[in-house]
1. Of the residues SER315, SER321, SER288, which single one is exposed (fewer than 14 other Cβ atoms within 10 Å of the Cβ) and at pLDDT below 95?
2. Scan region 75-86 and report the pairs whose first residue is assigned by the TED database to the domain that holds ASN37 and whose second residue is part of a loop (DSSP other than H, G, I, E, B) and surrounded by 14 or more Cβ atoms within 10 Å (Cβ to Cβ), with Cβ atoms within less than 6 Å and a gap of 6+ or a chain change.
3. Among the residues of region 177-214, which ones are closer than 16 Å to ALA280 by Cα and either loosely packed, with under 14 Cβ neighbours inside 10 Å or more than 8 Å from ligand 1 (Cβ to nearest atom) (or both)?
4. Which residue is nearest to the chain's Cα centre (by Cα), if the candidates are limited to region 101-121 and must be part of a loop (DSSP other than H, G, I, E, B) and within 18 Å of ARG18 (Cβ to Cβ)?
5. Exactly one condition in (1) in contact with a helix residue (DSSP H, G or I) (Cβ under 9 Å, 6 or more places away or on another chain); (2) part of a loop (DSSP other than H, G, I, E, B) is not met by ASP50; state its number.
6. When only residues in region 220-251 that are among the hydrophobic types (A, V, I, L, M, F, W, C) and assigned to a helix (DSSP H, G or I) count, which is farthest from ligand 2 (Cβ to nearest atom)?
7. Hey, can you tell me all the residues within region 173-194 that are under 24 Å from GLY231 (Cβ atoms) and more than 9 Å from ligand 2 (Cβ to nearest atom)?
Amino acid sequence: MSTRDLTILLVEDDPFARAMLEQILTDKGYRVKMAQNGLEGLRIFYEGNDVDLIITDMNMPKMDGLELIQELRDAKQDVPIIVLTSNLEIKTAVKAIYGGANAYLIKDENIEDTFGHAIDHAWDHYQLAREKDRLMAELEEKNRKLEQLSYLDGLTGISNRRYFDAIITKEWRRSMRDHSPISIAMIDIDYFKLYNDTYGHQNGDDCLKKVAHALKDALFRPGDFIARYGGEEFVAVMTNIGLDGALEVASRMQHNIKRLTIPHELSEVSELVTVSIGLACTVPQKGSESTQLIGKADNCLYNAKKKGRNKICSSDDNTDSDD
Ligand code: GH3
Ligand code: MG
(Lines give C-alpha, C1' and ligand atoms only; values in the text may rest on other atoms or scores of the structure.)
(Ligands and ions follow the chains in the order given, each with its own letter.)
Protein backbone atom coordinates (compact mmCIF):
# COMPACT_ATOMS: atom_id res chain seq x y z
CA MET A 1 0.00 0.00 0.00
CA SER A 2 1.49 3.36 -0.97
CA THR A 3 1.23 6.21 1.48
CA ARG A 4 -1.41 7.91 -0.66
CA ASP A 5 -3.86 5.07 -0.17
CA LEU A 6 -4.07 5.55 3.54
CA THR A 7 -7.24 6.22 5.47
CA ILE A 8 -6.43 8.63 8.23
CA LEU A 9 -8.52 9.31 11.28
CA LEU A 10 -8.11 12.90 12.39
CA VAL A 11 -9.11 13.55 15.99
CA GLU A 12 -9.27 17.27 16.73
CA ASP A 13 -11.76 19.30 18.78
CA ASP A 14 -11.05 22.72 17.33
CA PRO A 15 -13.27 23.16 14.23
CA PHE A 16 -10.93 25.61 12.58
CA ALA A 17 -7.85 23.43 13.02
CA ARG A 18 -9.86 20.39 11.97
CA ALA A 19 -10.99 21.98 8.72
CA MET A 20 -7.49 23.19 7.96
CA LEU A 21 -5.87 19.82 8.66
CA GLU A 22 -8.52 17.99 6.71
CA GLN A 23 -7.81 20.25 3.74
CA ILE A 24 -4.08 19.56 3.92
CA LEU A 25 -4.64 15.82 4.18
CA THR A 26 -7.16 15.57 1.37
CA ASP A 27 -4.95 17.75 -0.82
CA LYS A 28 -2.21 15.23 -0.24
CA GLY A 29 -4.55 12.47 -1.40
CA TYR A 30 -5.42 10.76 1.89
CA ARG A 31 -8.88 9.57 2.76
CA VAL A 32 -9.86 11.38 5.93
CA LYS A 33 -12.23 10.48 8.71
CA MET A 34 -12.82 12.98 11.44
CA ALA A 35 -13.68 12.92 15.13
CA GLN A 36 -14.11 15.77 17.61
CA ASN A 37 -12.65 13.99 20.62
CA GLY A 38 -11.03 10.76 21.71
CA LEU A 39 -14.30 9.02 22.47
CA GLU A 40 -15.70 9.69 19.04
CA GLY A 41 -12.34 8.76 17.57
CA LEU A 42 -12.48 5.36 19.27
CA ARG A 43 -15.99 4.75 18.00
CA ILE A 44 -15.07 5.62 14.42
CA PHE A 45 -11.88 3.55 14.61
CA TYR A 46 -13.75 0.41 15.62
CA GLU A 47 -16.79 1.09 13.47
CA GLY A 48 -15.10 1.18 10.08
CA ASN A 49 -12.19 -1.11 10.81
CA ASP A 50 -10.35 0.59 7.94
CA VAL A 51 -8.28 3.27 9.65
CA ASP A 52 -4.59 2.94 8.77
CA LEU A 53 -3.25 5.77 10.87
CA ILE A 54 -4.50 8.19 13.53
CA ILE A 55 -3.56 11.81 13.97
CA THR A 56 -4.79 13.15 17.25
CA ASP A 57 -4.80 16.38 19.16
CA MET A 58 -3.90 16.19 22.84
CA ASN A 59 -6.29 18.43 24.79
CA MET A 60 -9.86 17.53 23.99
CA PRO A 61 -13.12 17.20 25.97
CA LYS A 62 -14.56 13.79 26.96
CA MET A 63 -11.42 11.84 26.10
CA ASP A 64 -8.06 13.47 25.42
CA GLY A 65 -5.32 12.25 23.12
CA LEU A 66 -3.38 10.51 25.86
CA GLU A 67 -6.43 8.55 26.99
CA LEU A 68 -7.25 7.63 23.42
CA ILE A 69 -3.74 6.23 22.94
CA GLN A 70 -4.02 4.36 26.22
CA GLU A 71 -7.35 2.82 25.26
CA LEU A 72 -6.03 1.63 21.91
CA ARG A 73 -2.77 0.27 23.22
CA ASP A 74 -4.52 -1.47 26.10
CA ALA A 75 -6.71 -3.14 23.49
CA LYS A 76 -3.50 -4.27 21.68
CA GLN A 77 -4.25 -2.06 18.68
CA ASP A 78 -0.95 -1.25 17.01
CA VAL A 79 -2.28 1.35 14.56
CA PRO A 80 0.32 4.11 14.13
CA ILE A 81 -0.61 7.28 16.01
CA ILE A 82 0.78 10.73 15.42
CA VAL A 83 0.17 13.27 18.15
CA LEU A 84 -0.50 16.88 17.27
CA THR A 85 0.93 19.37 19.66
CA SER A 86 1.69 23.03 19.98
CA ASN A 87 5.20 24.23 20.71
CA LEU A 88 4.30 24.73 24.34
CA GLU A 89 3.13 21.14 24.79
CA ILE A 90 6.35 19.30 24.07
CA LYS A 91 6.33 17.71 27.50
CA THR A 92 2.88 16.31 26.86
CA ALA A 93 4.04 15.00 23.51
CA VAL A 94 6.91 13.14 25.13
CA LYS A 95 4.42 11.67 27.58
CA ALA A 96 2.32 10.55 24.60
CA ILE A 97 5.31 8.84 23.01
CA TYR A 98 5.90 6.94 26.24
CA GLY A 99 2.20 6.12 26.26
CA GLY A 100 2.44 4.48 22.85
CA ALA A 101 2.27 7.25 20.23
CA ASN A 102 4.60 6.74 17.27
CA ALA A 103 5.43 10.35 16.48
CA TYR A 104 4.48 13.89 17.33
CA LEU A 105 3.93 16.79 15.06
CA ILE A 106 4.16 20.43 16.03
CA LYS A 107 1.23 22.59 14.93
CA ASP A 108 2.98 25.58 13.45
CA GLU A 109 3.16 27.43 10.20
CA ASN A 110 5.29 24.63 8.66
CA ILE A 111 2.72 21.95 9.27
CA GLU A 112 1.80 21.65 5.64
CA ASP A 113 5.35 20.59 4.83
CA THR A 114 5.97 18.45 7.90
CA PHE A 115 2.67 16.58 7.74
CA GLY A 116 3.40 14.34 4.76
CA HIS A 117 6.85 13.57 6.02
CA ALA A 118 5.62 12.61 9.50
CA ILE A 119 2.92 10.37 8.06
CA ASP A 120 5.33 8.67 5.67
CA HIS A 121 7.77 8.12 8.45
CA ALA A 122 5.22 6.75 10.91
CA TRP A 123 3.73 4.48 8.27
CA ASP A 124 7.10 3.13 7.08
CA HIS A 125 8.12 2.52 10.65
CA TYR A 126 4.90 0.70 11.36
CA GLN A 127 5.25 -1.46 8.25
CA LEU A 128 8.84 -2.30 9.14
CA ALA A 129 7.84 -3.23 12.68
CA ARG A 130 5.10 -5.50 11.34
CA GLU A 131 7.48 -7.10 8.88
CA LYS A 132 9.98 -7.61 11.67
CA ASP A 133 7.31 -9.28 13.84
CA ARG A 134 6.32 -11.52 10.94
CA LEU A 135 9.91 -12.49 10.24
CA MET A 136 10.57 -13.14 13.91
CA ALA A 137 7.52 -15.40 14.16
CA GLU A 138 8.63 -17.22 11.00
CA LEU A 139 12.13 -17.61 12.39
CA GLU A 140 10.83 -18.96 15.69
CA GLU A 141 8.68 -21.47 13.86
CA LYS A 142 11.63 -22.55 11.69
CA ASN A 143 13.87 -22.86 14.72
CA ARG A 144 11.24 -24.95 16.46
CA LYS A 145 11.02 -27.28 13.46
CA LEU A 146 14.80 -27.41 13.17
CA GLU A 147 15.12 -28.30 16.83
CA GLN A 148 12.54 -31.03 16.40
CA LEU A 149 14.45 -32.35 13.40
CA SER A 150 17.74 -32.24 15.23
CA TYR A 151 16.23 -34.60 17.78
CA LEU A 152 15.15 -37.18 15.21
CA ASP A 153 17.16 -40.06 13.87
CA GLY A 154 17.38 -39.69 10.10
CA LEU A 155 17.02 -43.38 9.29
CA THR A 156 14.35 -44.64 11.66
CA GLY A 157 12.44 -41.43 12.39
CA ILE A 158 12.42 -42.10 16.12
CA SER A 159 14.31 -39.89 18.60
CA ASN A 160 18.06 -39.87 18.43
CA ARG A 161 20.86 -40.05 20.99
CA ARG A 162 20.92 -36.26 21.26
CA TYR A 163 17.29 -36.28 22.38
CA PHE A 164 17.95 -39.07 24.81
CA ASP A 165 20.86 -37.15 26.35
CA ALA A 166 18.70 -34.05 26.71
CA ILE A 167 15.70 -35.82 28.21
CA ILE A 168 17.30 -38.37 30.49
CA THR A 169 18.79 -35.71 32.76
CA LYS A 170 15.38 -34.07 33.14
CA GLU A 171 13.62 -37.37 33.83
CA TRP A 172 16.34 -38.36 36.25
CA ARG A 173 15.91 -35.16 38.26
CA ARG A 174 12.14 -35.51 38.21
CA SER A 175 12.31 -39.06 39.52
CA MET A 176 14.75 -37.93 42.19
CA ARG A 177 12.38 -35.18 43.29
CA ASP A 178 9.38 -37.52 43.31
CA HIS A 179 11.28 -40.46 44.87
CA SER A 180 9.87 -42.57 42.07
CA PRO A 181 11.51 -45.36 40.08
CA ILE A 182 13.01 -44.95 36.65
CA SER A 183 13.95 -47.82 34.35
CA ILE A 184 16.28 -47.97 31.39
CA ALA A 185 16.27 -50.68 28.75
CA MET A 186 19.19 -51.10 26.37
CA ILE A 187 18.11 -53.07 23.32
CA ASP A 188 20.40 -54.50 20.68
CA ILE A 189 19.66 -56.51 17.55
CA ASP A 190 21.23 -59.96 17.63
CA TYR A 191 23.76 -60.92 14.97
CA PHE A 192 23.03 -57.79 13.02
CA LYS A 193 26.39 -57.75 11.31
CA LEU A 194 25.52 -61.18 9.95
CA TYR A 195 22.14 -59.84 8.87
CA ASN A 196 23.83 -57.11 6.82
CA ASP A 197 26.27 -59.62 5.39
CA THR A 198 23.43 -61.93 4.40
CA TYR A 199 20.79 -59.53 3.12
CA GLY A 200 22.77 -56.39 2.29
CA HIS A 201 22.99 -53.00 3.92
CA GLN A 202 19.77 -51.71 2.36
CA ASN A 203 17.75 -54.52 3.89
CA GLY A 204 19.69 -53.92 7.09
CA ASP A 205 18.41 -50.35 7.08
CA ASP A 206 14.83 -51.52 6.48
CA CYS A 207 15.16 -53.98 9.31
CA LEU A 208 16.40 -51.22 11.64
CA LYS A 209 13.39 -49.07 10.78
CA LYS A 210 10.93 -51.87 11.46
CA VAL A 211 12.62 -52.82 14.71
CA ALA A 212 12.66 -49.18 15.86
CA HIS A 213 8.90 -48.86 15.38
CA ALA A 214 8.10 -52.23 16.88
CA LEU A 215 10.04 -51.18 19.98
CA LYS A 216 8.30 -47.83 20.09
CA ASP A 217 4.90 -49.52 19.84
CA ALA A 218 5.68 -51.44 23.00
CA LEU A 219 5.63 -48.21 25.01
CA PHE A 220 2.11 -47.22 25.95
CA ARG A 221 2.55 -44.49 28.49
CA PRO A 222 3.07 -40.87 27.39
CA GLY A 223 6.10 -40.29 29.64
CA ASP A 224 8.04 -43.26 28.26
CA PHE A 225 10.30 -42.80 25.29
CA ILE A 226 12.67 -44.64 23.03
CA ALA A 227 15.68 -43.43 21.09
CA ARG A 228 18.20 -44.89 18.72
CA TYR A 229 21.30 -45.01 20.87
CA GLY A 230 23.69 -45.79 18.04
CA GLY A 231 24.11 -48.32 15.20
CA GLU A 232 21.70 -51.16 15.96
CA GLU A 233 21.29 -50.30 19.61
CA PHE A 234 18.23 -48.61 21.15
CA VAL A 235 17.49 -47.19 24.57
CA ALA A 236 14.10 -46.90 26.26
CA VAL A 237 13.30 -44.90 29.36
CA MET A 238 10.31 -45.74 31.51
CA THR A 239 9.33 -43.62 34.46
CA ASN A 240 7.15 -44.41 37.45
CA ILE A 241 7.34 -48.13 37.02
CA GLY A 242 9.45 -50.61 38.90
CA LEU A 243 11.40 -53.50 37.48
CA ASP A 244 8.33 -55.71 37.11
CA GLY A 245 6.59 -53.15 34.95
CA ALA A 246 9.75 -52.57 32.92
CA LEU A 247 10.10 -56.33 32.40
CA GLU A 248 6.58 -56.40 31.01
CA VAL A 249 7.47 -53.66 28.54
CA ALA A 250 10.67 -55.49 27.56
CA SER A 251 8.70 -58.70 26.93
CA ARG A 252 6.26 -56.73 24.83
CA MET A 253 9.21 -55.40 22.83
CA GLN A 254 10.49 -58.91 22.16
CA HIS A 255 6.99 -60.01 21.27
CA ASN A 256 6.59 -57.14 18.80
CA ILE A 257 9.94 -57.96 17.16
CA LYS A 258 8.93 -61.59 16.84
CA ARG A 259 5.67 -60.56 15.19
CA LEU A 260 7.64 -58.70 12.52
CA THR A 261 8.83 -62.15 11.34
CA ILE A 262 11.93 -60.77 9.64
CA PRO A 263 13.92 -63.80 8.43
CA HIS A 264 17.49 -64.09 9.69
CA GLU A 265 18.80 -67.39 8.32
CA LEU A 266 22.27 -67.23 9.78
CA SER A 267 21.28 -66.16 13.28
CA GLU A 268 22.37 -68.76 15.75
CA VAL A 269 19.46 -68.12 18.08
CA SER A 270 16.40 -68.03 15.84
CA GLU A 271 15.41 -68.09 12.20
CA LEU A 272 13.95 -64.60 12.72
CA VAL A 273 15.47 -61.29 13.77
CA THR A 274 15.63 -61.04 17.55
CA VAL A 275 16.85 -58.56 20.14
CA SER A 276 18.63 -58.80 23.46
CA ILE A 277 17.57 -56.46 26.24
CA GLY A 278 19.36 -55.22 29.34
CA LEU A 279 17.14 -53.69 32.01
CA ALA A 280 18.03 -51.60 35.04
CA CYS A 281 15.77 -49.82 37.48
CA THR A 282 16.37 -47.50 40.40
CA VAL A 283 14.94 -44.71 42.52
CA PRO A 284 17.55 -42.00 41.93
CA GLN A 285 19.30 -40.84 45.08
CA LYS A 286 20.76 -37.40 45.65
CA GLY A 287 24.17 -37.06 44.03
CA SER A 288 23.61 -40.01 41.70
CA GLU A 289 23.87 -39.73 37.92
CA SER A 290 21.80 -41.27 35.13
CA THR A 291 25.01 -42.58 33.55
CA GLN A 292 25.26 -45.10 36.41
CA LEU A 293 21.90 -46.59 35.50
CA ILE A 294 22.74 -46.55 31.79
CA GLY A 295 25.97 -48.41 32.60
CA LYS A 296 24.02 -50.97 34.62
CA ALA A 297 21.55 -51.54 31.79
CA ASP A 298 24.48 -51.89 29.41
CA ASN A 299 26.05 -54.56 31.63
CA CYS A 300 22.74 -56.40 31.69
CA LEU A 301 22.63 -56.25 27.90
CA TYR A 302 26.12 -57.69 27.82
CA ASN A 303 24.92 -60.53 30.08
CA ALA A 304 21.92 -61.17 27.83
CA LYS A 305 24.30 -61.52 24.89
CA LYS A 306 26.63 -63.75 26.88
CA LYS A 307 23.77 -65.98 27.92
CA GLY A 308 22.92 -66.70 24.31
CA ARG A 309 21.01 -63.63 23.00
CA ASN A 310 17.24 -63.17 22.44
CA LYS A 311 17.02 -62.64 26.20
CA ILE A 312 16.08 -60.03 28.76
CA CYS A 313 18.51 -59.59 31.64
CA SER A 314 17.81 -57.23 34.48
CA SER A 315 19.93 -55.68 37.20
CA ASP A 316 17.94 -57.61 39.77
CA ASP A 317 19.01 -60.28 38.67
CA ASN A 318 18.76 -63.74 37.85
CA THR A 319 15.63 -62.66 36.09
CA ASP A 320 16.40 -63.52 32.58
CA SER A 321 13.94 -64.77 30.12
CA ASP A 322 13.79 -65.54 26.48
CA ASP A 323 10.94 -65.27 24.12
P1 GH3 B 1 25.54 -59.07 18.60
O2 GH3 B 1 24.55 -60.16 18.44
O3 GH3 B 1 26.61 -59.43 19.59
O4 GH3 B 1 24.90 -57.76 18.89
O5 GH3 B 1 26.28 -58.93 17.21
P6 GH3 B 1 26.04 -57.88 16.07
O7 GH3 B 1 26.53 -58.43 14.81
O8 GH3 B 1 24.63 -57.44 16.10
O9 GH3 B 1 26.92 -56.68 16.59
P10 GH3 B 1 28.14 -55.95 15.96
O11 GH3 B 1 28.41 -54.80 16.90
O12 GH3 B 1 29.26 -56.89 15.67
O13 GH3 B 1 27.63 -55.38 14.60
C14 GH3 B 1 26.68 -54.35 14.51
C15 GH3 B 1 26.38 -54.14 13.05
O16 GH3 B 1 25.37 -53.14 12.89
C17 GH3 B 1 27.57 -53.68 12.28
C18 GH3 B 1 27.09 -52.48 11.53
O19 GH3 B 1 27.44 -52.54 10.16
C20 GH3 B 1 25.60 -52.57 11.65
N21 GH3 B 1 24.98 -51.27 11.59
C22 GH3 B 1 25.14 -50.23 12.43
N23 GH3 B 1 24.42 -49.16 12.02
C24 GH3 B 1 23.78 -49.55 10.89
C25 GH3 B 1 22.88 -48.89 9.99
O26 GH3 B 1 22.52 -47.72 10.14
N27 GH3 B 1 22.41 -49.60 8.94
C28 GH3 B 1 22.80 -50.90 8.73
N29 GH3 B 1 22.29 -51.54 7.69
N30 GH3 B 1 23.66 -51.52 9.55
C31 GH3 B 1 24.13 -50.88 10.61
MG1 MG C 1 23.91 -56.40 17.78
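1. SER288
2. Taking only residues 6 or more apart or on different chains, the pairs are PRO80/ASN102; ILE81/ALA101; ILE81/ASN102; VAL83/ALA101; LEU84/ASP57; LEU84/LYS107; THR85/MET58; SER86/LYS107.
3. SER180, PRO181, ILE182, SER183, ILE184, ALA185, MET186, ILE187
4. In this case the residue turns out to be LYS107.
5. (1)
6. Among them, the one singled out is LEU243.
7. SER183, ILE184, ALA185, MET186, ILE187, LEU194, listed by residue number.
The values are calculated or read from the model by the stated rules, or taken from the named source; none is laboratory data. Treat the numbers as computed from the prediction; the structure is a model and nothing was measured. Heads up, the Cβs are rebuilt from the backbone with ideal geometry, glycines too, and the neighbour counts pull from every protein chain shown.
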